[in-house]
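J.: Structure in structure tokens, see below.
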Amino acid sequence: MSDHSGKRKHAIYRITFIGFVVNLVLAAGKLAAGIFGRSGAMVADAVHSFSDLATDVVVIAFARISAKPRDEGHDYGHGKYETLATILISLALAAVGTGILVNGIRAIRTVAEGGLLPRPGLVALLAAVLSIIAKEVLYRYTVREGRAVDSPSVVANAWHHRSDALSSLGTLVGIGCAYFLGERWRIADPIAALLVAVFIFKVAFDLVRTGLDELLERSLPADTEQEILRIVTASPEVTAPHNLRTRRIGASIAIEVHVRVDPKMSVARSHELTVDIERRLRERFGAGTLVVIHVEPLK
């Protein structure tokens with residue numbers, strides 16, 4: 001394992017472990033507040049926080065795998081395992097959104113059929129406020145650090161933290177209306193939950209689409225490929241780049257390109273040019289960038 005990969009792996013562990021501890025404390029606290037505060041919304045919010053614990057474990061496990069160097073069975077390394085982790089987190093988000101949606105619809109039906117939702121206690125209201133603050137801080141920390149180490153699974157997990165914060169916001173609105181405005185306003189709780197579920201589905205869809213694009217070998221964006229071609233042809237001795245192929249492998253990218261040089265150029269000089277191109281590409285896109293350059297004579 002390279003020094004860069006080792007540092008990246010330990011950074012992912014540290015970021016995710018902090019999130020794990022915060023989620024554990026919040027989930028236990030919200031569950032207690034929901035039970036003693038007679039708030040079904042807060043209990044559901046606690047379940048949402050417990051789901052974050054599961055995704056933290058997924059990130060830690062897959063970070064260890066994705067940091068492994070290439071071997072006989074994985075010529076391009078293990079970066080796609082991190083992509084798989086991102087998709088699993090996305091599916092967890094969708095599952096949480098479905099649970100919130102179903103519970104919200106059930107509560108609205110109860111009111112529509114003449115039922116009465118229970119009045120939550122003040123402890124549930126305070127727990128919602130604390131949860132929003134803690135999870136928003138955790139989101140900002142995790143997404144910043146995840147982007148710093150270029151880890152899509154950590155960034156995906158950060159969005160899971162924010163979905164929990166938004167879930168708590170919806171819970172706060174519902175509990176606040178039920179607590180302060182009387183019986184007829186208690187339906188605000190499930191309505192807010194439905195709005196939160198829609199946002200969660202949107203985040204889950206965006207994340208799973210990104211992960212699937214990578215697994216299905218989607219090329220890098222057009223502007224990135226144009227930048228690659230500019231780097232490849234920075235030397236006037238290299239012309240006519242073609243057959244450019246790009247893809248993402250976890251936190252790294254792979255680049256394959258054909259270039260043409262003077263047919264009278266020596267093998268040693270053409271080799272020097274390709275080494276220089278590889279160096280510049282890795283300086284721009286990271287030391288883990290996989291580069292394959294095929295040299296052809298200019299016709």
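J.: List the residues whose amide H sits under 5 Å from the amide H of residue 247, counting only those 5 or more places along or on another chain, with H placed 1.01 Å from N in the peptide plane.
T.: HN-HN under 5 Å from residue 247: 220, 254.
J.: Separate question: Which of 208, 96, 123 ends up with the largest GNM mean-square fluctuation for the chain, with Cα atoms connected below 10 Å?
T.: Highest fluctuation of the listed residues: 123.
J.: Of the residues 163, 266, 153, which exhibits the maximal mean-square fluctuation in a Gaussian network model of the chain defined by a 10 Å Cα contact cut-off?
T.: 266
J.: Suppose only helical runs count, i.e. DSSP H with n ≥ 4. What mean residue ellipticity at 222 nm does that imply for the chain under -39500 (n - 2.57) per run, divided by all residues and rounded to the nearest 500 deg cm²/dmol? Show your work: numbers first, answer last.
T.: Values: 8 runs with 208 residues, N = 299.
Result for the chain: -25000 deg cm²/dmol, rounded to the nearest 500.
J.: Compute the projected area of the convex hull of the Cα atoms of segment 227-288, averaged over all viewing directions, and report it in nm² to one decimal place.
T.: 4.2
J.: Most fluctuating residue of 203, 257, 155 in a GNM of the chain with Cα springs under 10 Å: which is it?
T.: Most flexible of the set in this elastic network: 257.
J.: Quote the Stokes-Einstein diffusion coefficient, in whole µm² s⁻¹, for the chain, based on the Kirkwood radius over alpha carbon pairs, a temperature of 4 °C and a viscosity of 1.567 mPa s.
T.: Calculated translational D: 60 µm²/s.
J.: Now a separate question. How large is the dipole of the chain about the Cα centre if only Lys and Arg carry +1 and Asp and Glu carry -1, each at its Cβ, rounded to the nearest 20 debye?
T.: Details: 35 positive and 30 negative charges, 104 e Å.
Once rounded to the nearest 20, the dipole reads 500 debye.
J.: Sticking with this structure for a sec: Could you tell me whether segment 100-207 comes out rounded, prolate or oblate from its Cα gyration tensor? Rule is a ≥ b ≥ c as square roots of the eigenvalues, rounded for a/c under 1.5, then prolate if a/b exceeds b/c, otherwise oblate.
T.: Cα axes put segment 100-207 in the oblate bin.
J.: Number of Lys-Lys pairs in the chain under 16 Å by Cα, sequence gap 8 or more or different chains?
T.: 6
J.: Highest mean first, what order results for 18-26, 215-223, 232-240 on Cβ atoms within 10 Å?
T.: 18-26, 232-240, 215-223
J.: Going through the DSSP H helices of the chain, which span 20 Å or more along their own axis at the Cα atoms while scoring at least -1.0 as a mean Kyte-Doolittle hydropathy? Spell out each step's value before the answer.
T.: Details: long enough: 3-36 (50 Å, 0.61); 40-66 (39 Å, 1.13); 80-112 (48 Å, 1.18); 122-148 (40 Å, 0.92); 152-180 (41 Å, 0.49); 188-215 (41 Å, 1.32); 267-285 (27 Å, -0.85).
TM-like helix candidates: 3-36, 40-66, 80-112, 122-148, 152-180, 188-215, 267-285.
J.: Highest mean first, how do 173-179, 8-14 rank when packing is the count of other Cβ atoms within 10 Å averaged over residues?
T.: Highest mean packing first, the order is 173-179, 8-14.
A short reminder: the numbers here are calculations on the coordinates, not readings from a lab. For clarity, every value in this text was computed on a predicted model and none was experimentally measured. Please note: Cβ atoms are built from the backbone with ideal geometry, for glycine as well, and neighbour counts cover all protein chains shown.
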